[in-house]
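Engineer: I'd like to ask some things about the structure below.
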Amino acid sequence: EGTVLKMQAAWGGGIFLENAQSYVDRVHAMAGDALKIDLLPVNSVVKTSQMQDAVHRGVLDAAHYVPAYWYSKSKTASLFGTGPCFGWSSQEVLGWVNYGGGQELFDELMASLGLNVVSFFNSPMPAQPLGWFKEEIKDASQMDGLKYRTVGLAADVLLEMGMSVVQLPGGEIQPAMKSGLIDAAEFNNPTSDRDFGMQDVSKHYHLASFHQSQEFFEVTFNKDKYEALPAELQAILKYASEAENSNFYWHNTKRYADDLKTLRDEQGVNVYRTPDSVMSAQLDAWDIVVDRISGEDAFFAKVIDSQKAYAENVMDYLNLNQPDYKLAYAHYFG
Amino acid sequence: MEKLVYAIEGLSLWVGRAFGWCILILTLSVSYEVFVRYVLNAPTVWAFDMMVQMYGALFLMAGPYALAQDAHVRGDVLYRLFSIRWQARVDFLLYLLFFFPGMIALFWYGWEIASDSWRYKEVSWNSPARIQIYFFKTLIPAAGLLLMLQGLAELMRCWKAMKTGVWMERLDDVKETEDMLMHINEPKF
Amino acid sequence: MTNPEVAILMLCLFILLVLLGFPIAFTLLAMGVGFGYYAYYQGGIETFSDIFNNNIFYLLNQNTYSVMENDTLVAIPLFLFMGYVVERANIVDRLFYSLYMAARNLPGSLAIAALLTCAVFSTASGIVGAVVTLMGLLAYPAMAKANYDKSFASGVICAGGTLGILIPPSIMLIVYAAIAELSPLRLYAAAVFPGLLLAGLYIVYVMIRVWINPAIAPKPNLDDIPPRRKIYLDLLISFVPLTVLIMLVLGSILGGLATPAEAAAMGALGGLVLAFLYRSLTWLKVKESVFLTAKATAMVCWLFVGSWTFASVFSYLGGHDLISDWVVGMNLEPWQFLVMAQLIIFFLGWPLEWSEILIIFVPIFLPMLEVFGVNPYFFAMLVALNLQTSFLTPPMAMSAYYLKGVLKKQIELMEIFRGIIPYLGIVILCMVLMYQFPGIALWFPDYLFGVYVP
Ligand code: NA
Ligand code: NA
């Protein structure tokens, strides 16, 4: 008789639940009868904001979500995925987690919060689109005073840029957009945005943004439950996370690309790249936000320093080394 | 015993009514938010969380009040066929079996969760204003305690009804609306 | 006994225990805690304190907090407060009576006026508890006074008040959209015609029923009828304040001013202002509205605390997996799948309430829609119609309980249930019609937003 772990995902359906299932499938394929994960959809046992508490207490054995969901306990949560961009992508932030001291800082934070969890990070999400607008954004000045819907630290950043952040329940984004209660909104990626029906309320979709540019999933386990497992099962949970990291990237980029094409070609959405002036305004806003929080929270500052050191080093190499992919793309596809 | 019952219920009534005023704050603050958003194009960053906390505090702390006024819905298809003595016996048993375990948990474990929340000075998870929620979470053990007290009063009511075959009167509250309507809403032909 | 079987047992036991008449919120909570204790039992109780060492107690607290921080449920006290304020300002009742007068020559005029007022108020509130409660306070005494059959009168209010979850803006559709990751706006658009169709069928039923048996709904005494001019003047006068209020509420949602909760807050404020203008605003009335709101909100929201805990434990035990495996194992045609899914939801609607069905059971069917090639918006509308019945079927007939809650000893629950049964048939008829003519649901959203691309 194998062990059964109850894992709740923060997703009720759509591509992210597929991603959670994909992780679980990998565990099952490797562990055979020795370990089974019962994957429960969003809100099955507890609501999303209570997921980390539930894993900590053992109400759930595990959860599949993003670190932004425990932002209520520490601002540093946002640095695991939805923080400032130091010239890197989520791939490199995950590199920092594994080889730049990120995991150790995470464990230190969990210990200081007294949280009884073990986490693995995987699935480098492409940068989240700036989102859906009423008209094309050609310059940063157009962002001023726009009523925008977003969450987490991204809200602070956009407030610094002079936007008005309107907090809305998720289900009300669309009606609010259609009716003008908000001027713009962001969600996550072309597939989820399309499933959510944003194309019904806006025809102007801007890709590329620094507000949430390097998020990834966190698979978190109750520490006692995890440590009670034999070493080989512990390893399977960890290595399945690494395997799913690659699978996510291959699987999701293809789906996002296909859905972007459907949005553009079949559903009449105008797709743009966000102008550079907006993105550099975002970087300036990030500086203010990061400085302010670093001043209030020493641990936050410590994590920022660690991230900067890693990014400066690794991105220097990558930037020098990577050929101009856009050049080659343009060469073949115009 | 009767005095004690009414003392507890007086407390439930007072707390429930006091938190009832949250609805007025809720109405005004939300209307204010709509006003500043449209007229001044400057939404607040606090109205959303304020709204949620006012609502949460209201329903939670009015729980004992509703219990003291027997306002929680019952599925009384069979229940109302019982004699008062039997109603009281069933209620007495179910208060012990069904009610107290949950309320003790709300008090005891709610306290533990609230003190965790105080330790990391927990804030609202999606608020740019980072509105504190540790006070808000502390309401759970408070409600648990008040509900246990009110449960005790209900047990005493049941005990009395078992002995006498008559339910004690509930405390006077807002005049029943349907009674008023019978008089006020004479068709105006 | 396997864990999923225990979950099914839990469900069956709840259906029995609810009959004992203990407050439902605490019965649900107790079932959740009891079976949760089993689900989280780790063994090894050696000392007294080990008895309390069980994770279910944390789960209960986490669910309680989740109800407290739920931004959708915020609309409940606001709509209730608005309802109480408006009711005390004699606004809705004027509309109700003038509609009654205008419709007096139709069979069952009070019932029709009640249904219409329900539909209008559903538009404003979208919360079943509030509409049933308000109409229970308003229309029922009037019908009782006119010697309407008690069952007939209560059926009208329960069925009419339930329309609120279907006719937009509806909280249920927002919850559904979140669970199924559908567009709430498209769902709203899809619900418009099914909602109107159902309301229309209810009215037709009332007229036919009274035409066959006039004794259940006596016509008003002819001496009481005011002159025609006064009727229309009354209708106009009563419409103006309410129209302003509905404009405030619905207009601010559709016109982009506010979310449903915000609209409700402005509605409540508007109600206070109107009451002031009509010189019926007194400190006493405000105070009473506040206290009544507190009690009613506690009643509705503690039910959520109970049902979420119950639902959590049910799904933790794997109750819904058992049902899911059973459906997939049957090799069905798409229509068979639809009929079966709707039958299951219908029967689940007996012991459960819409939020549990949506949260626990509907997600079981959602992944199957693609397999069977069913349009998710069409399925959503079938579910939304079907969930109307969950309010009306015992033992968990929330509509009946809300009505019973306000009417107290004026009526027996069994009388309410008897009045409700015909409406269950009408809901099913409406579902059959929609199955035959999917355009009822799908034409409007496609017209507004373009054809749905899966
Ligand atoms: Na996002
Ligand atoms: Na039911």
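The values are calculated or read from the model by the stated rules, or taken from the named source; none is laboratory data. Every value quoted in this text rests on a predicted model; they were computed, and no experiment measured them. Every residue, glycine among them, receives a Cβ derived from its backbone with ideal geometry; neighbour counts consider all protein chains shown. Heavy atoms of the whole protein, side chains included, go into the accessibility calculation; ligands, DNA and RNA do not. Shrake-Rupley method; radii C 1.70, N 1.55, O 1.52, S 1.80 Å.
Engineer: Restricting to Cα pairs below 8 Å that are 6+ residues apart, what does the relative contact order work out to for the range A:72-130? Please round to a whole percent. Write down the numbers at each step before the final one.
Structural biologist: Details: 20 pairs, mean separation 23.4, N = 59.
Value for the range A:72-130: 40 percent.
Engineer: Also: Please get the size of the charge dipole for the range B:22-110, origin at its Cα centre, with Cβ charges of +1 on Lys and Arg and -1 on Asp and Glu, quoted in debye to the nearest 20. Could the numbers behind the result be given before it?
Structural biologist: Details: 5 positive and 5 negative charges, 57 e Å.
For the range B:22-110, the charge dipole is close to 280 debye.
Engineer: Further question on the same structure: Compute the label zone of C:LEU322 within the range C:1-32: residues whose backbone N is under 14 Å from the point 7 Å along Cα-to-Cβ.
Structural biologist: Within reach of a label on C:LEU322: C:1-15.
Engineer: Taking 0.36 nm per residue of separation and subtracting the Cα-Cα distance, what length does fully extending A:HIS204 through A:ASP284 add? It would help to have the intermediate numbers written out before the result.
Structural biologist: Values: separation 80, 0.36 × 80 = 28.80 nm, distance 2.47 nm.
Answer, rounded to one decimal: 26.3 nm.
Engineer: Can you list the residues in the range C:7-27 whose accessible area drops by at least 40 Å² when all protein chains are present, compared with the chain alone? Use a 1.4 Å probe, heavy atoms only.
Structural biologist: Those are C:LEU19, C:LEU20, C:GLY21, C:PHE22, C:PRO23, C:PHE26, which lose 40 Å² or more relative to the chain on its own.
Engineer: I've got another one for you. Run the simple label-point estimate for C:LEU233 and A:GLU104 please: 7 Å along Cα→C-beta, distance reported in nm.
Structural biologist: 8.8 nm
Engineer: Hey, what's the range B:71-173 come to in accessible area per residue, 1.4 Å probe, Å²? The partial results should precede the final answer.
Structural biologist: Numbers: 4500 Å² over 103 residues.
I get 44 Å² per residue for this part.
Engineer: A further question follows. In degrees, nearest 10, range 0 to 90: what is the angle between the Cα axis of helix B:47-61 and the longest Cα principal axis of chain B?
Structural biologist: Roughly 10 degrees, rounded to the nearest 10.
Engineer: Put +1 on the Cβ of every Lys and Arg and -1 on every Asp and Glu Cβ in the range C:302-454; which of C:VAL313, C:PHE379, C:PRO422 then has its Cα farthest towards the positive end of the dipole?
Structural biologist: Positive-most Cα among the choices belongs to C:PRO422.
Engineer: Using only helices, what value at 222 nm comes out for chain C when you add -39,500 (n - 2.57) per DSSP H run of length 4 or more and divide by the total residues, to the nearest 500 deg cm²/dmol? Intermediate results must be reported in sequence, preceding the final value.
Structural biologist: Working: 20 runs with 323 residues, N = 454.
Helix-only estimate at 222 nm: -23500 deg cm²/dmol.
Engineer: Still on this structure: If you roll a 1.4 Å probe over chain B with all protein chains in place, what percent of the accessible area is carbon or sulfur?
Structural biologist: Values: 5530 of 7960 Å².
The nonpolar share, carbon plus sulfur, comes to 69 percent.
Engineer: If you build a Gaussian network model of chain A, linking Cα atoms that sit under 10 Å apart, which residue out of A:ASN313, A:ASN247, A:ASN189 swings the most?
Structural biologist: A:ASN313
Engineer: Further, regarding this structure: What quantity of accessible surface, computed with a 1.4 Å probe and excluding non-protein components, is buried in total between chains A and B, in Å² to the nearest 100?
Structural biologist: On the way: alone 15060 and 12670 Å², together 25570 Å².
Chains A and B together bury roughly 2200 Å² of accessible area.
Engineer: Residues of the range B:102-117 losing 20 Å² or more of accessible area relative to the isolated chain, 1.4 Å probe, heavy atoms only?
Structural biologist: Residues meeting the cut-off: B:GLY102, B:MET103, B:ALA105, B:LEU106, B:TYR109, B:GLU112, B:ILE113, B:ASP116.
Engineer: A further question on this structure: Residue farthest toward the positive end of the dipole of the range A:117-191, with Cβ of Lys/Arg at +1 and Asp/Glu at -1: which of A:LEU146, A:PRO126, A:GLN174?
Structural biologist: Farthest towards the positive end: A:GLN174.
Engineer: Sticking with this structure for a sec: Return the FRET efficiency for the residue pair A:LYS138, C:VAL451: r is the Cβ-Cβ distance, R0 is 25 Å, and the value is rounded to the nearest 0.05.
Structural biologist: Working: r = 31 Å, r/R0 = 1.24.
Plugging the Cβ-Cβ distance into 1/(1 + (r/R0)^6) gives 0.20.
Engineer: Leaving out ligands, DNA and RNA, and with a 1.4 Å probe, what % of the accessible surface on chain A is carbon or sulfur? Before the final figure, lay out the partial values.
Structural biologist: On the way: 6450 of 12480 Å².
Carbon-and-sulfur percentage of accessible area, whole number: 52.
Engineer: Over all distinct Cα pairs, what is the inverse of the mean 1/r for the protein assembly as shown, reported as the Kirkwood hydrodynamic radius in Å?
Structural biologist: Result for the protein assembly as shown stands at 29.4 Å.
Engineer: Still on this structure: Quickly work out the A:LYS261-to-A:TYR317 label distance, labels modelled 7 Å from Cα along the C-beta direction, and quote it in nm with one decimal.
Structural biologist: Each label point lies 7 Å from its Cα, and together they span 3.5 nm.
Engineer: Here is a further query. Using a probe radius of 1.4 Å on protein heavy atoms only, what is the accessible area buried between chains B and C, both sides summed, to the nearest 100 Å²?
Structural biologist: Numbers: alone 12670 and 20530 Å², together 25870 Å².
Interface between B and C: roughly 7300 Å².
Engineer: OK, next. About its Cα centre, how strong a charge dipole does the range A:232-304 have in debye, to the nearest 20, once Lys and Arg get +1 and Asp and Glu get -1 at the Cβ? Intermediate results must be reported in sequence, preceding the final value.
Structural biologist: Working: 8 positive and 13 negative charges, 39 e Å.
In debye, rounded to 20, the range A:232-304 gives about 180.
Engineer: Also, I was wondering about something else. Would you calculate a helix-derived [θ] at 222 nm for chain A, using -39,500 (n - 2.57) for each DSSP H run of n ≥ 4 and dividing by the full residue count, to the nearest 500?
Structural biologist: Working: 12 runs with 163 residues, N = 334.
That calculation yields -15500 deg cm²/dmol at 222 nm.
Engineer: Right, here's the next one. List the residues whose amide H sits under 5 Å from the amide H of A:LYS147, counting only those 5 or more places along or on another chain, with H placed 1.01 Å from N in the peptide plane.
Structural biologist: Close amide H contacts, sequence-distant or interchain: A:SER164, A:ASP183, A:ALA184.
Engineer: Have a look at A:PHE300, A:TYR325, A:MET315 and report the one farthest towards the positive end of the charge dipole of the range A:286-334, computed about the Cα centre with Cβ charges (Lys/Arg +1, Asp/Glu -1).
Structural biologist: A:TYR325
Engineer: Roughly how many nanometres apart are two label points built 7 Å out from the Cα toward the Cβ at A:PHE299 and A:GLU18?
Structural biologist: That separation, rounded to one decimal, is 3.7 nm.
Engineer: Normalised by the residues of chain C, what does the relative contact order come to in percent, with Cα pairs under 8 Å and at least six apart? Before the final figure, lay out the partial values.
Structural biologist: Values: 622 pairs, mean separation 122.8, N = 454.
In percent, rounded to a whole number, it is 27.
Engineer: Given the protein assembly as shown, what percent of its DSSP beta bridges are antiparallel, to the nearest 5? The partial results should precede the final answer.
Structural biologist: Details: 17 of 34 bridges.
Antiparallel bridges make up about 50 percent of those DSSP assigns within the protein assembly as shown.
Engineer: Moving to a separate point now. Take the alpha carbon atoms of the range A:189-216, find their center, do the same for the range C:1-63, and report the distance between the two centers in whole angstrom.
Structural biologist: Cα centroid to Cα centroid, the span is 42 Å.
Engineer: Still on this structure, please answer the following. Could you state the angle between the C-alpha long axis of helix C:362-372 and the longest principal axis of the C-alpha atoms of chain C, as a value from 0 to 90 degrees rounded to the nearest 10?
Structural biologist: With rounding to tens, the tilt is 80 degrees.
Engineer: At 1.4 Å probe size, with the rest of the protein present, what percent of the exposed accessible area of the range C:339-432 is carbon and sulfur atoms?
Structural biologist: After summing per-atom areas, the C and S share lands at 74 percent.
Engineer: For a quick check: with amide H placed at 1.01 Å from N, whose amide H comes under 5 Å from A:ALA9's, ignoring anything fewer than 5 positions away on the same chain?
Structural biologist: Those lying under 5 Å, H to H, from A:ALA9 are A:LEU40, A:VAL42, A:HIS64.
Engineer: For chain A, what is the accessible area per residue in Å², given a 1.4 Å probe and the full set of protein chains? Could you put the intermediate results ahead of the total?
Structural biologist: On the way: 12480 Å² over 334 residues.
The answer is 37 Å² per residue.
Engineer: Quickly rank C:280-291, C:35-46 as a protection proxy: mean count of other C-beta atoms within 10 Å, highest first.
Structural biologist: On the way: C:280-291: 16.9, C:35-46: 15.1.
For the peptides C:280-291, C:35-46, the packing ranking is C:280-291, C:35-46.
Engineer: Now for a separate question. How big is the charge dipole of the range A:147-283 about its Cα centre, in debye rounded to the nearest 20, if each Lys and Arg gets +1 on its Cβ and each Asp and Glu gets -1 on its Cβ? If you can, show how the numbers build up before the last one.
Structural biologist: Details: 13 positive and 20 negative charges, 63 e Å.
I would put it at about 300 debye.
Engineer: Right, here's the next one. Express the relative contact order of chain B as a whole percentage, based on alpha carbon pairs under 8 Å and six or more residues apart in sequence.
Structural biologist: Taking the mean separation of contacting Cα pairs over the length of chain B, I get 28 percent.
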